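One structure is given here, and the rest of the page talks about it.
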Amino acid sequence: MKILYITPSFPFEKDGNSIYTDLAEEIAKKHNIKIVVATEKSKIEKTHISTERGIKCLRVRTGNLYNVNIIEKAITYVTLQHKFKKAIDKFLSKEHFDLVLFMAPPVTLGSVVKYAMKKYNAMSYLMQKDIFPQNALDLKMMTKKNPAYWYFRLKEKGMYKTATVIGCMSQGNVDFLLEHNKFLNKNKLEIFPNTIKCIEKQENKNSNIREKYKISKDTVLAIYGGNFGKPQGIPFVEKVLDEYKNNEKVTFLFFGKGTEKKKLENHIKENNIENVLMFDFIPRNEYFQILQQADIGFVFLDYRFTIPNIPSRTLSYFEKSIPIMAATDKNTDYKDIIEKNEVGLWCESNNIKEFKKQFDRLVEDKELRTRLGNNGRKYLETELTPEKSVKILENVYNRIKNKEEQNV
């Protein structure tokens with residue numbers, strides 16, 4: 001198979017791996033793959049093609065996508081359509097591809113994929129990662145009276161119609177798309193979960209990392225790494241920190257960036273919360289050492305969501321055998337995955353009383369943390385590897401190809 005992988009995210013090698021690079025590298029072991037990726041103008045001077053991770057990568061210079069407000073992000077998503085098509089024509093005009101692999105959001109990639117499918121006479125596979133613009137409606141970042149909503153909703157529908165097959169992260173995602181898009185044929189949708197390379201488990205934990213960050217070896221270390229934005233429901237996170245600010249049994253370690261991070265930092269400062277450490281950036285090797293030392297991994301999502309989110313940061317917790325403490329909306333089937341596979345505990349993210357009940361169980365019971373963490377590692381090893389993702393793509397391609405040949 002020759003695959004054109006169109007994506008808004010593909011980290012440089014110096015920035016480490018992600019679910020997107022792991023998938024591409026696994027595909028490259030058996031198939032010919034080329035990447036087309038949006039790259040912020042602050043990171044590259046011009047659109048160019050180079051070899052990264054042994055794979056040809058076309059980096060398209062775009063506006064800003066991360067740690068910016070929704071208006072700037074929306075403008076970038078709208079304008080990248082033209083830039084992607086222009087870059088494909090300039091750098092990949094003589095290529096041939098059997099499959100166009102892409103992800104959403106952004107929903108504006110649908111027109112680029114449609115263009116590429118026609119250009120190369122290829123089928124396409126959509127990896128559905130989030131449901132936009134519904135997520136913006138849920139968080140009151142947009143209303144149905146806003147023309148932008150109807151523009152992006154039209155783009156979303158067009159993207160679903162364009163995709164030959166739609167791979168969803170969970171059954172909840174499948175059900176949601178079918179319920180809210182009556183034109184979709186259920187046979188067009190299947191489950192395609194997030195996956196990562198499973199690094200060999202390390203039993204010997206580095207004790208020096210706690211010393212470096214002045215974290216007591218006797219405290220339970222609860223960690224959150226990722227975005228601090230409106231989707232994470234920061235007001236609830238503030239309530240959690242207020243509840244535990246005088247608890248010497250637990251230390252909170254937060255790192256990452258986002259539009260709501262300053263608000264959280266101000267809350268911590270104004271309320272004299274001393275058992276929280278916050279960083280924008282931690283060197284990658286230290287990040288993994290800290291994960292090795294962490295006792296609990298947080299997942300936070302706003303309680304207002306109606307869409308079934310499946311947070312990708314879960315995978316790094318699984319990899320390091322860290323039990324999950326999740327506070328999310330009640331609509332996602334993420335809670336069902338956690339409970340069915342016994343990999344963590346869950347509560348709704350507007351119920352601080354229930355959060356305290358569940359979190360205290362993890363803080364007080366080391367054997368429970370160990371059992372849930374080990375279950376997460378086993379679940380990752382058996383169900384969430386890139387090899388499984390590639391197999392799904394191969395099965396789809398062969399199934400559709402055979403069907404086409406039979407109809408000739």
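So here's what we get for this one:
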read-out: Cβ-based net charge around Ala122, under 14 Å, with every Lys or Arg adding one and every Asp or Glu removing one; value: +3
read-out: Which label in [x] -0.36, -0.85, -0.95; [y] -0.31, -0.84, -1.01; [z] -0.25, -0.70, -0.85 gives the computed log10 I(q)/I(0) by the Debye sum over Cα atoms at q = 0.06, 0.10, 0.11 Å⁻¹; value: [z]
read-out: Trypsin sites (Lys or Arg not before Pro) restricted to region 148-224 and DSSP loop, no more than 10 other C-beta within 10 Å; value: Lys182, Lys214, Lys217
read-out: C-alpha center-to-center spacing [region 211-272, region 2-57] in angstrom; value: 33
read-out: All aspartates and glutamates inside 18 Å of Lys212 as judged from Cα atoms, apart from same-chain residues fewer than 8 positions distant; value: Glu274, Asp280, Glu286, Asp295
read-out: Degrees, to the nearest 10: 284-293 long Cα axis against longest axis of the chain; value: 50
read-out: Bridge type composition, the chain - antiparallel percent by DSSP, nearest 5; value: 10
read-out: Dipole-positive endmost among Ile282, Ile268, Asn246 within region 185-287 (Cβ charges, Cα centre); value: Ile282
read-out: Potential extension, Glu248-Ile191 segment - 0.36 nm per residue separation minus Cα distance; value: 16.3 nm
read-out: Over 29 Å (Cα to Cα) - which of Lys46/Lys388; Lys144/Lys186; Lys46/Lys73 fall in this group; value: Lys46/Lys388
read-out: Highest to lowest packing among 129-137, 246-254, scored as the average C-beta count within 10 Å; value: 129-137, 246-254
read-out: The chain: calculated mean residue ellipticity at 222 nm from DSSP helix runs of at least 4, using -39500 (n - 2.57); value: -13500 deg cm²/dmol
read-out: Estimated FRET transfer efficiency (Glu404, Asn17; beta-carbon r; R0 41 Å; 0.05); value: 0.70
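Only the coordinates and a few stated rules stand behind these numbers; no lab work does. In this text, all values refer to a predicted model and were calculated from it rather than measured experimentally. Heads up, the Cβs are rebuilt from the backbone with ideal geometry, glycines too, and the neighbour counts pull from every protein chain shown.
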